[in-house]
Amino acid sequence: MTERQRICACAEILETIYPEAECSLDWGGEPFRLMVLVRLSAQCTDARVNIVGRELFSVFPTAESLAEAPVEEIEKIVRPCGLHRTKARDIKDEMILLTGKYHGIMPSDMDELLSFPGVGRKIANLLRGDIFGLPAVVADTHCIRICGRIGLYPDSLSDPLLTEKKLSGLLPPEKTSDFCHRVVVLGREYCKARSPRCSDCPIASYCLHHTKAGELS
């Protein structure tokens with residue numbers, strides 16, 4: 001079975017098991033909120049980010065109010081997410097750029113998104129996929145780990161650019177964003193970093209990690 005056949009088979013199975021491929025961040029359809037929340041999510045759980053986000057947006061409900069907010073006030077609220085000074089500064093600067101140069105309208109262009117403070121390719125792809133429905137590979141830790149275990153590259157590698165390149169070349173473009181959301185759920189439920197539940201995993205039969213483990217047992 002080729003790499004393309006294997007990953008497409010996995011995508012079909014995950015689509016059946018997790019038909020609702022959605023971001024777990026509660027952004028409520030407001031693009032600026034998704035940018036803020038995904039910045040807060042670095043080294044923090046989505047559950048905690050959603051709690052902190054609700055408080056943050058109750059105090060600063062618009063991109064304009066965040067752009068004008070004292071950074072110290074943002075810091076106080078986002079402290080539970082960790083790295084609060086860096087994240088607060090990036091959030092304020094992001095909103096200044098969004099409301100100034102872009103008049104509050106989130107751009108969809110990759111290079112423009114990468115010009116925002118704290119936005120790398122992972123965040124930019126998530127914004128492009130979830131806000132605009134564009135082809136996008138969100139190469140987070142779950143996606144990188146699972147694609148390695150499936151056998152798209154040595155599973156000891158941790159290279160988001162390689163993951164993005166591989167999936168972009170193997171999956172139909174319209175499937176990429178939803179696939180990435182689904183593998184996050186798979187990673188939390190089955191394909192954990194430690195002690196993966198291979199015997200219960202719905203895509204185990206297409207996973208080289210599981211196949212090799214079986215050969216060695």
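Is segment 93-135 best put as rounded, prolate or oblate by its Cα gyration tensor, with a ≥ b ≥ c the root eigenvalues, rounded for a/c under 1.5, and otherwise prolate when a/b is larger than b/c, oblate when not? Oblate, since a/c reaches 1.5 and b/c is not below a/b. Counted by neighbouring Cβ atoms within 10 Å, the residues Val137, Val119 run from fewest to most as Val119, Val137. The helix-only estimate of mean residue ellipticity at 222 nm for the chain, built from DSSP H runs of length n ≥ 4 each weighted as -39500 (n - 2.57), is -18000 deg cm²/dmol after division by the residue total. The candidate values were [x] -0.75, -0.85, -1.13, -1.23; [y] -0.79, -0.92, -1.31, -1.45; [z] -0.69, -0.81, -1.25, -1.41; the one computed from these coordinates for log10 I(q)/I(0) by the Debye sum over Cα atoms at q = 0.13, 0.14, 0.17, 0.18 Å⁻¹ carries the label [x]. For the peptides 141-150, 127-136, residues were scored by their other Cβ atoms within 10 Å and the scores averaged per peptide; the highest-first order is 141-150, 127-136. Arranged from fewest to most other beta-carbon atoms within 10 Å of their beta carbon, Thr86, Thr163 become Thr86, Thr163. Residues Met106, Met95 in ascending order of nearby Cβ atoms (within 10 Å, fewest first): Met106, Met95. Give me the lysines in straight-line cross-link reach of Lys76: C-alpha distance below 30 Å, same-chain residues under 8 apart excluded. The qualifying lysines are Lys87, Lys92, Lys101, Lys122. Unpaired cysteine residues in the chain (no second Cys Cβ under 4.7 Å): Cys8, Cys10, Cys23, Cys143, Cys147, Cys180, Cys191, Cys198, Cys201, Cys207.
With θ taken as phi - 60° and the Karplus curve 6.51 cos²θ - 1.76 cosθ + 1.60 applied, the whole-hertz 3J(HN,Hα) list for segment 7-21 is 6, 5, 5, 4, 4, 5, 5, 5, 5, 6, 6, 10, x, 8, 8 Hz, x standing for glycine and proline.
Backbone geometry of segment 155-160 corresponds, through the Karplus equation with coefficients 6.51, -1.76 and 1.60 at θ = phi - 60°, to 3J(HN,Hα) couplings of 6, 7, 6, 9, 10, x Hz, x marking Gly and Pro.
Values in this text are rule-based calculations from the coordinates and carry no lab data. Because the structure is a prediction, the values reported are computed rather than measured. Heads up, the Cβs are rebuilt from the backbone with ideal geometry, glycines too, and the neighbour counts pull from every protein chain shown.
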